[in-house]
Amino acid sequence: MGRVIVIGDVGGFPDQLAAALLAAGARRRDLRLPPELTVVQVGDLVDRGPDSSGVLRIVRERLDEQPEQWIQLMGNHESQYVPGGDRFYPERLSKADAALLRGWWDDGRLRVAAAMRTADGEDHLVSHAGLTPYCWRELGEPATAAAAARLLNARPEPLLWRGFHTGADGESGPLWAEAGSELYAGWLAHYAEGGFVPFGQIHGHSSIVGFRDRSFRCSGRVRQRATVDWEARHVRVRAGGRVLIGIDPKHGRQGAPQWSPLALDGASVLFAVSEPVLVGVGAAEPGTPDRGPSAHGMRPGDPGTSGAAGVGGRAGAQPDDLTARPADRADDAATRADRAGRAYDIVLFGATGFTGGLTAEYLAGHVPPGLRWALAGRDPARLAAVRERLAALDPALAELPLLRADAGDAASLRELAGSARVVISTVGPYVLHGEPLVAACAAAGTDYVDLTGEPEFIDLMYVRHHAEAVRTGARLVHACGFDSVPHDLGVYLTVKELPQDGPIRVDGYVRAGGAISGGTMASALLAFSRRRQTARAARERRAVDPRPEGRRIRTPLGRIRRASAAGGWAVPLPTVDPQVVGRSAAALARYGPDFAYTHSAAVKRLPVVAAALAGAAVLFVLAQLGPVRRWLMRRLPGGSGPSEQRRARSWFRAVFAGEGGGRRVVTEVSGGDPGYGETAKMLAESALCLALDPLPPTAGQVTTAAAMGDALTARLVRAGIRFDVRTVE
């Protein structure tokens with residue numbers, strides 16, 4: 001992090017630009033920037049003022065000498081001189097100046113947007129005129145500022161060039177949107193209608209005030225939410241918890257008598273592509289990383305990822321090279337029609353457990369109107385108690401359907417699977433109780449999600465039920481909680497930042513603080529006691545699971561080592577997460593021809609490493625002794641878990657360091673209580689994603705990245721989990 005200043009429209013006044021740079025610490029003799037300073041200029045360098053050529057000279061010197069510290073965005077006045085732009089201003093630049101602008105556009109130094117994060121963690125999209133809700137939806141609803149910047153820098157047409165002069169009032173693009181009537185009013189209306197505002201914005205181009213007479217030129221609704229710094233000539237409008245900041249000083253033909261750039265101490269630039277970009281949706285320069293949308297902040301983002309589709313697509317659509325292999329696809333129209341006519345969109349099986357109850361509460365607050373859902377379990381009285389708790393949150397849920405189903409009653413599970421489009425299971429340990437429901441869903445063509453972290457169970461379900469699920473079109477998605485969504489989608493985010501035509505290596509480091517429930521303790525102890533069965537299931541899977549042809553996928557355990565990205569020591573974690581990541585890599589060609597992933601705990605001090613290893617060893621030994629194992633499980637019985645206060649203090653942070661094609665990227669996924677609050681969120685959003693979002697065609701046992709990557713990332717970002725690109729080198 002360092003200092004960032006964002007400079008508004010310059011409009012042909014080199015003296016104004018020079019004064020702003022000097023005030024920010026530039027060297028007087030040549031305006032060289034100090035090393036800690038980054039400048040973002042929002043466009044409209046030229047026209048109206050006395051010396052557009054003088055402004056371009058200043059910018060050219062900075063772009064030539066300090067390209068990493070000067071981010072130059074295009075305004076509507078520069079757009080007149082690049083292919084695709086419309087000429088509208090009567091006074092023309094010299095041929096040399098026009099050629100200079102075209103050159104910057106051709107080599108990628110003249111950009112459409114950038115993204116940054118302020119010291120307080122707020123992300124902002126920076127563009128000339130701002131991104132309206134209309135254009136945001138047209139881009140595929142990117143969930144993060146970084147995702148939106150990537151999409152805009154792909155130069156989407158005709159969105160980029162739309163403006164009032166083309167008869168597009170209300171639909172203007174990021175070079176022409178009017179601050180009051182289109183940008184601010186649009187987002188306020190979007191939020192009032194129940195939409196979310198995904199990120200803040202910083203823009204120039206227009207203002208809702210007249211600075212000379214201190215007048216407002218906007219609707220009362222916008223004015224009520226606006227604050228103005230009259231001396232700096234900045235306007236802030238709050239919408240949906242975000243801040244939209246206008247910084248056009250309105251120099252006009254005389255120049256502003258007083259103004260200041262927007263200074264952001266401690267800020268960092270999240271995204272600003274520096275390589276040439278080919279015009280057209282999804283186009284990428286040969287030999288450079290894919291510039292599709294991604295979930296950052298993706299994040300999450302970007303593929304809008306990030307959490308969005310390509311331009312003109314919908315959230316959740318994924319690019320062609322991020323789809324499952326053909327053998328994993330099903331396209332059975334009769335099955336799809338049958339599922340559409342079922343009684344319920346989502347059924348939650350296991351709502352009376354601790355995590356199941358949290359999942360039910362999350363669904364109660366987040367299912368959209370009209371979605372049909374129900375609770376299922378073996379004890380009607382306990383189900384009714386859960387429903388009463390939900391009705392206290394929303395009285396409309398007093399009539400929520402309750403279905404009787406028992407993990408030991410195969411007929412009841414077949415009936416359950418046949419009544420739903422998506423089934424959520426929180427009934428574990430899964431290796432003991434989970435298979436009958438998986439079998440029922442595979443046979444019925446019903447999508448299935450759970451939160452297992454048991455490798456043995458996942459491998460057995462592949463061996464026994466994958467082929468049937470492919471036949472019926474069912475998507476069986478295991479590990480949809482903290483195991484393994486942050487790691488699977490975090491690596492997915494990282495890979496999209498790297499070139500795909502060479503080897504890729506990603507190292508994951510996870511740090512978390514929280515407590516465990518009785519169900520989690522039972523699953524962990526059981527897994528420790530079944531190491532031989534786990535190894536046997538893995539061998540059975542390897543015998544039938546095809547390897548990707550012509551590609552190599554590795555997930556080595558690694559070793560204890562110091563790692564800067566971990567902030568200390570990296571301790572290998574033999575969890576299910578690297579296996580899930582490896583299967584995503586096998587399913588998605590975007591992971592490249594040679595992919596490797598290591599998964600570690602991030603520990604700051606070596607004594608903590610020793611204590612953790614000793615504790616794990618003791619637990620492993622005790623788990624082999626049946627009486628001791630059962631005594632430990634009784635100490636923390638199933639259905640119990642940490643208090644709400646304890647969960648509120650819990651957190652997680654997963655950092656991923658990726659390398660490939662001479663490029664290095666560091667990403668981060670972070671959130672609150674990993675074991676319960678965020679796990680319930682991830683599990684519920686996975687089910688909602690399968691039920692509601694347009695997704696790539698997959699079937700059988702699939703991972704979250706392969707089945708739902710961009711769409712699920714976008715949902716989780718909206719739900720408060722952060723997907724961020726920290727550095728790209």
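The values are calculated or read from the model by the stated rules, or taken from the named source; none is laboratory data. Worth saying up front: this structure is predicted, and the values here are computed from it rather than measured. Please note: Cβ atoms are built from the backbone with ideal geometry, for glycine as well, and neighbour counts cover all protein chains shown.
Filter the stretch 110-149 down to the residues that are charged (D, E, K, R) and in contact with a strand residue (DSSP E or B) (Cβ under 6 Å, 6 or more places away or on another chain), then identify the one that is modelled with the lowest pLDDT.
Checked the stretch 110-149; the qualifying residue modelled with the lowest pLDDT is 122.
I need the full set of residues from the stretch 537-551 which are surrounded by 14 or more Cβ atoms within 10 Å (Cβ to Cβ) and more than 14 Å from residue 583 (Cβ to Cβ), in order please.
537, 540
Identify, by number, the condition in (1) in contact with a strand residue (DSSP E or B) (Cβ under 9 Å, 6 or more places away or on another chain); (2) more than 18 Å from residue 205 (Cα to Cα); (3) not aromatic (Phe, Trp, Tyr) that residue 57 doesn't meet.
All conditions are met except number (1).
Going by the conditions given, is residue 600 of a type outside the set (D, E, K, R), modelled with pLDDT of 55 or more and surrounded by fewer than 19 Cβ atoms within 10 Å (Cβ to Cβ)?
No.
Would you be able to tell me the number of residues in the stretch 404-428 that are assigned to a strand (DSSP E or B) and either aliphatic (A, V, I, L, M) or not assigned by TED's automatic domain parsing to the domain that holds residue 454 (or both)?
4
Within the bounds of the stretch 441-450, is there any residue that is within 19 Å of residue 540 (Cα to Cα), at pLDDT 95 or above and in contact with a helix residue (DSSP H, G or I) (Cβ under 7 Å, 6 or more places away or on another chain)?
no
Could we say that residue 148 is in contact with a Ser or Thr (Cβ under 6 Å, 6 or more places away or on another chain) and crowded, with 24+ Cβ neighbours inside 10 Å here?
No: the conditions fail for residue 148.
Does residue 710 satisfy the criteria of being under 19 Å from residue 141 (Cβ atoms), of a type in the set (Asp, Glu) and surrounded by fewer than 23 Cβ atoms within 10 Å (Cβ to Cβ)?
no
Determine the pairs where a residue that is more than 11 Å from residue 270 (Cα to Cα), located within the stretch 107-127, has a partner that is aromatic (Phe, Trp, Tyr) and outside any loop (DSSP other than H, G, I, E, B) with Cβ atoms under 8 Å apart, the partner being 6 or more residues away or on another chain.
Taking only residues 6 or more apart or on different chains, the pairs are 110/104.
Please go through the stretch 356-377 and pick out each residue that is part of a helix (DSSP H, G or I) and either out of contact with any helix residue (DSSP H, G or I) (no Cβ under 6 Å at 6 or more places or on another chain) or of a type outside the set (S, T, N, Q) (or both).
Selection gives 356, 357, 358, 360, 361, 362, 363, 364, 365, 366.
Being under 23 Å from residue 125 (Cα atoms) and assigned to a helix (DSSP H, G or I) is the filter here, so list the residues in the stretch 54-66 that pass it.
59, 62, 63 - these are the residues of the stretch 54-66 that are under 23 Å from residue 125 (Cα atoms) and assigned to a helix (DSSP H, G or I).
Within the stretch 116-144, count every residue that is more than 16 Å from residue 247 (Cβ to Cβ), surrounded by 24 or more Cβ atoms within 10 Å (Cβ to Cβ), in contact with a Leu (Cβ under 8 Å, 6 or more places away or on another chain) and small (Gly, Ala, Ser).
Qualifying residue count, the stretch 116-144: 1.
Given the conditions (1) on the phi > 0 side of the Ramachandran plot; (2) surrounded by fewer than 24 Cβ atoms within 10 Å (Cβ to Cβ); (3) over 38 Å from the mean Cα position of the chain (by Cα), and given that residue 54 satisfies all but one, which numbered condition is not satisfied?
Single failed check for residue 54: (1).
Which numbered condition trips up residue 250, out of (1) in contact with a helix residue (DSSP H, G or I) (Cβ under 7 Å, 6 or more places away or on another chain); (2) charged (D, E, K, R); (3) at positive phi?
(1)
Confirm whether residue 180 is part of a helix (DSSP H, G or I) and either basic (Lys, Arg) or out of contact with any strand residue (DSSP E or B) (no Cβ under 6 Å at 6 or more places or on another chain) (or both).
Against the criterion (part of a helix (DSSP H, G or I) and either basic (Lys, Arg) or out of contact with any strand residue (DSSP E or B) (no Cβ under 6 Å at 6 or more places or on another chain) (or both)), residue 180 qualifies.
Only residues that are outside any helix (DSSP H, G or I) and modelled with pLDDT of 95 or more: list them for the stretch 378-403, please.
400, 401, 402, 403
Would you pick out the residues in the stretch 183-209 that are part of a loop (DSSP other than H, G, I, E, B) and either of a type in the set (Lys, Arg) or surrounded by fewer than 24 Cβ atoms within 10 Å (Cβ to Cβ) (or both)?
193, 194, 195, 196, 197, 206, 208, listed by residue number.
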